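No lab work stands behind these numbers, since they all come straight from the coordinates. Note that this is a predicted model, so its numbers are computed, not measured. Quick reminder, even Gly has a Cβ in these numbers, built from the backbone with ideal geometry, and neighbours come from all protein chains shown.
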Amino acid sequence: MKPALLGIDWLDAEWLITWFGPFVLIGVCVVVFVETGFIVLSFLPGDSLLFTVGLLTATGVVPTPIGITALCVFVAAFAGDQLAYAIGRKAGPAVFRREQSRFFNPENVERTNAFFTKHGGKAIILARFLPVFRAFVPVAAGVGRMSYKTFITFNVIGAFAWGVGLTLVGYFLGQIEFVATYSEFFIIGIVLLSGIPILLELTKAGRGWLRDRRAGTAAASE
């Protein structure tokens, strides 16, 4: 078995799958659920776990049929984001009522709401492919009071694209010996490529925020 990430066994997807033993599918779904549902657990290896479970299914190490695995992962990914959204939604009213302080500015919450009004759908889907962001974005959507109907629609798309998509990518590529041997590099490449769109969106949003701030400062000084 390859060395664990940072020397920590449970951050290594292959180690986790081996440790889960006959309960591998349940274990994978639990990790997917908590990694997407709780910001504090967003460090868990979601991307590599999905790719690896697909790969090991292709090589016969994981005995569960790929269709059942993909379906269960989809449900876990969907449920995780639903929980994160509910947490943000519940915390939202308290956040909006807070007064400005050194560490909190209500205007930032309003900007979050405006951001999801404009980019909500894309943000929910694209954030799926970035660690930490996929746990933070649904919480922010809840805080920003994004429409539940809108959120659930894009959550279905995002959960399918990430959960099912990444698992199937691992499954089909896992049938290629070269990919199975150097799977870590393919995982890193997938994460980097999938992260480009949302990073571009965040950069664009950041520039817009700076423009608005400068315009507001200029108006106030007149």
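A few remarks follow.
- Backbone N under 17 Å from the Val75 label point (7 Å along Cα→Cβ), restricted to the stretch 46-66: 64-66
- Estimated inter-spin distance, Phe136 and Phe185, nm [label 7 Å along Cα→Cβ]: 3.0 nm
- Each peptide among 69-80, 146-157, 30-41 gets the average number of other Cβ atoms lying within 10 Å of its residues, and from highest to lowest they stand as 69-80, 30-41, 146-157.
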